[in-house]
Amino acid sequence: MFQIKNKDSLGRTGILKTKNGIVKTPALMPVIHPGKQKINVKKLGAEIVITNAYIIYKNEELREKASLEGVHKLINFDGPIMTDSGSFQLSEYGDIDITNPEVIEFQELIGTDIGTSLDIPTPPNVTRNQAEKELEITIERAQESLKYRKEILLNSVVQGSTFNDLRSYCADELGKLDVELHPIGAVVPLMESYRYTDLVDVVMSSVTHLPDSRPRHLMGAGHPMIFALAVAMGCDLFDSAAYILYAEDDRFLSPSGTYKLENLQEMPCSCEICCKYTPDDLRSMEKKERKLLIAEHNLNISFAEIRIIKQAIADGNLMELVEQRCRAHPRLLEAYRHLANYVDDIEKYDPLYKKSAFFYSGPESLKRAEVYRYLNKLDKMPKKSRLLILSSSRKPYSTYLPEKLGKLYHIGTSTKSGDEDLQIMFVDIPFGLIPLELDEVYPLAQNESPVITDETACEFIKNLIEQVTEDYEEVIIEGNLNEKFDLGLYCEYEFKEELKLKLDEKDKITSVADYQFGKGAGAALFESKLDIVKSKKTGKIRHVYDDAENLIATMRASDGFFVLSKEGARRLHSRMEYPQNRVVVNQDSEPFAREGKSIFAKFVIDCDRNIRASEEVLIVNENDELLAFGKSLLNSAEILDFKVGQAIKTRKGGI
Ligand code: GUN
Ligand code: ZN
């Protein structure tokens, strides 16, 4: 029913299948008022719409028509339709006259594609007691809906007010039910009062507990200003009544905020409406006519923003887009900063490799998943006893090793001298300290930051240097770093003998393998006598062979990671303990894996829980016999949760 196509951060592009057609996600569902709709939303790009089953139910004429001809005829839309249940009316008016079974049966009767049970939208900041009581009803009704549904896909709405643990609990409980989609409810009051930081808590505590294989819908979110941030938190669907509500007030939506017609000197975008009319044209029109034109602009720009987000996910620069969008309002920036508290959750979903370079856009970028992941991995890398820290902003760093070292400072004691057991690291923003050997690995080489940096970044480097130096017997630091980062070192140092700084190729391939596959992988792959072949054009390492001319691995030019050969896969498999680097497939799919066919998620019975998207993995059977190897398209949680779609793109079978 739902498949992921591309991933970036917690965001994903995907495909949602319904009986009336396919929806590409993230998607915006315009709210259609049954009986009142004047705008052809399909023409403007709507693939799916949302309408309200309760409103139809309450109006005799609409109810009759929908019952006889179906909801698609009623609202004149032949694509997928989602219906809401009347919960919103419940929260607005305190009472409604329909029961949960009735509203499910009614949605079946009118042939909706996706129906919703009668959840209770508990507002923010109620007492915990109220939130808990109402939540139990919401969950009971979600369970009860399953008894009445026949054809429709079911929404089960996450509630829990502003209690993060209740949101997570609700997501856990709803996740166990056989429903297909999960809206996140009762967030409209948060968005209306610019409480985006609370919105981040609500969404993150829900999303991190919902099954990855189901689309998530941020209910009532229709302002394009928050789409990018919400997608980056894992939301797939939005609904917009905003396009018409804002138009009613003569307000123009835009991803960078809202414009009032009375203040407009120029039209705010280049959609059909904005090209055809001037602000004066609109001001001199009848309200009714003007409202429809502004609503059309509002939809145009909202769909445009969704397209921009989908492209950013495909390109791997969603977070750069989020960082731009969150400058639209200080409360949004605050919310984005708050999102950094969830970096541990986000990192698990962020692919290891993206087509785009990492762009530093300000101190917030230091808290991105890529930096967090890198520093965690660096901490676990095998260590030498001595460290030499050099400054550089030129990449790849190994190409710019200084011929002569200037003034140096020294911490600790060591009996060693020269380059004996000496680790060289480069200081740079945003990744902090980069070992010479890892200087081509994504995104350590594929990033851009201003050469003149900011105070937060300097503080970050200073702290990192202080932290990392604790792990070494002796640390030698280039003089300008001492001053630039105010390290307070006093003891000047001179090498007793001339230091020849150079990159050792064996060290490099071993380090990259350890970094990529885990501690010990370098030894597993490269212990024998080797033939390291470099590119004639660039001089960079390309292939590693053993002394019998068997290819072990290829270092990919685009990201500096290894792609294994059959021999490499065998070596890694024989030395890395189960379940490291493995995806375990069932018996049925074993022959397909051996033939080199890609692995579908439903055939995977277990895997290494540390697998991220874009990871090189070993494909084994239940007896840990190596069948094939390939690249993961999803992370471990997604691989295990999805029942449709590909999980691993197999590179080679027949091992
Ligand atoms: N529309 C906006 N918020 C909500 C919600 O919490 N539940 C339902 N069913 N619809 C909504
Ligand atoms: Zn426009």
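The values are calculated or read from the model by the stated rules, or taken from the named source; none is laboratory data. These figures come from a predicted structure and were not determined experimentally. No Cβ is skipped: glycine too gets one built from the backbone with ideal geometry, and neighbour counts run over all protein chains shown. What goes into the accessible areas is simple: the full protein's heavy atoms, side chains included, and nothing from ligands, DNA or RNA. Shrake-Rupley method; radii C 1.70, N 1.55, O 1.52, S 1.80 Å.
A compact table of results
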{"read-out": "Sum of side-chain charges, residue 540 neighbourhood, beta-carbon under 12 Å (Lys, Arg +1; Asp, Glu -1)", "value": "+3"}
{"read-out": "Mean Cβ neighbour count within 10 Å, used as a protection proxy, ranking 184-197, 395-408 highest first", "value": "184-197, 395-408"}
{"read-out": "Carbon and sulfur %, accessible surface of the chain computed with the full protein complex present, 1.4 Å", "value": "47"}
{"read-out": "At most 16 other Cβ within 10 Å, DSSP loop - chymotrypsin sites (Phe, Trp or Tyr not before Pro), region 472-537", "value": "490, 495"}
{"read-out": "Solvent exposure ordering (accessible area, 1.4 Å, most first) of 573, 182", "value": "573, 182"}
{"read-out": "Directionally averaged shadow of region 169-228, computed from the convex hull of its alpha-carbon atoms, nm²", "value": "4.1"}
{"read-out": "Helix-only CD estimate at 222 nm, as mean residue ellipticity for the chain, using -39500 (n - 2.57) per DSSP H run (n ≥ 4)", "value": "-10500 deg cm²/dmol"}
{"read-out": "Helix 164-175 axis, angle to the chain major axis (alpha carbon atoms, nearest 10°)", "value": "80"}
{"read-out": "Cα centroid separation, region 117-147 to region 1-44 (Å)", "value": "26"}
{"read-out": "Cα shape, region 28-164, gyration tensor, a/c 1.5 rule", "value": "prolate"}
{"read-out": "Gyration tensor (alpha-carbon) shape descriptor, the chain, a/c threshold 1.5", "value": "prolate"}
{"read-out": "Rounded accessible area per residue of region 97-162, 1.4 Å, Å²", "value": "39"}
{"read-out": "1.4 Å probe accessible area per residue over region 217-341, in Å²", "value": "41"}
{"read-out": "Surface per residue (accessible, 1.4 Å probe) for region 379-491, Å²", "value": "46"}
{"read-out": "The chain: angle of helix 128-148 to the longest principal axis, Cα-based, in degrees nearest 10", "value": "80"}
{"read-out": "Ordering of 122-133, 617-628, 208-219, 274-285 by packing [mean C-beta count within 10 Å, highest first]", "value": "208-219, 617-628, 122-133, 274-285"}
{"read-out": "Around residue 550: net Lys/Arg minus Asp/Glu count, Cβ-Cβ under 12 Å", "value": "-1"}
{"read-out": "Folded to 0 to 90 degrees: helix 455-469 orientation relative to the chain principal axis, Cα", "value": "50"}
{"read-out": "Interchain or long-range residues, amide H under 5 Å from residue 117's placed H", "value": "155, 157"}
{"read-out": "Ordering of 63-70, 476-483 by burial proxy (mean other Cβ atoms within 10 Å per residue, highest first)", "value": "476-483, 63-70"}
